[in-house]
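One structure is given below, encoded as structure tokens.
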Amino acid sequence: MKLRVDADMCTGHGRCYALAPDVFGADEFGHCEIRVTDVDGALLEQALLGVQNCPEQAISFED
Ligand code: SF4
């Protein structure tokens, strides 16, 4: 599963990297940066947390 973040939708709440710090990080403005794009196992669980808890629905999986 590959993750992507829509930079235009991300407003920098930081919920993704607070809940899933192994998968998501922050740039200098607090916006999301994906640390691991191709996730599985425990990282997939963290990635799902980020997807489900982003208030802007900026994170998604791509095929
Ligand atoms: S939770 Fe969503 S809006 Fe907030 S930093 Fe992460 S991707 Fe951006």
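Coordinate-derived values only; no laboratory data. Computed from a predicted structure; not experimentally measured. With ideal geometry, Cβ positions are generated from the backbone for all residues, glycine too; neighbour counts draw on all protein chains shown.
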**Complete:** For the chain, the convex hull over Cα atoms projects on average to an area in nm² of 3.6 nm²
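So if each residue of separation counts as 0.36 nm, and I subtract the Cα-Cα distance between Q57 and L44, what length gain in nm does that give? Walk me through the numbers on the way to the answer.
Numbers: separation 13, 0.36 × 13 = 4.68 nm, distance 1.70 nm.
Stretched fully, the Q57-L44 segment lengthens by 3.0 nm.
For Cα pairs less than 8 Å apart in space and 6+ apart in sequence, what is the mean separation divided by the residue count of the chain, i.e. the relative contact order in percent? Write out the running numbers ahead of the final one.
Working: 113 pairs, mean separation 29.5, N = 63.
Across the chain, relative contact order equals 47 percent.
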**Antiparallel %, DSSP beta bridges [both residues in the chain], to 5** = 100 percent
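Helix-only mean residue ellipticity at 222 nm, the chain, DSSP H runs n ≥ 4 weighted -39,500 (n - 2.57), per residue, nearest 500. What is it?
Calculated from helices alone, the mean residue ellipticity at 222 nm is -8000 deg cm²/dmol.
How big is the charge dipole of the chain about its Cα centre, in debye rounded to the nearest 20, if each Lys and Arg gets +1 on its Cβ and each Asp and Glu gets -1 on its Cβ?
On the way: 4 positive and 12 negative charges, 35 e Å.
The dipole magnitude comes to about 160 debye.
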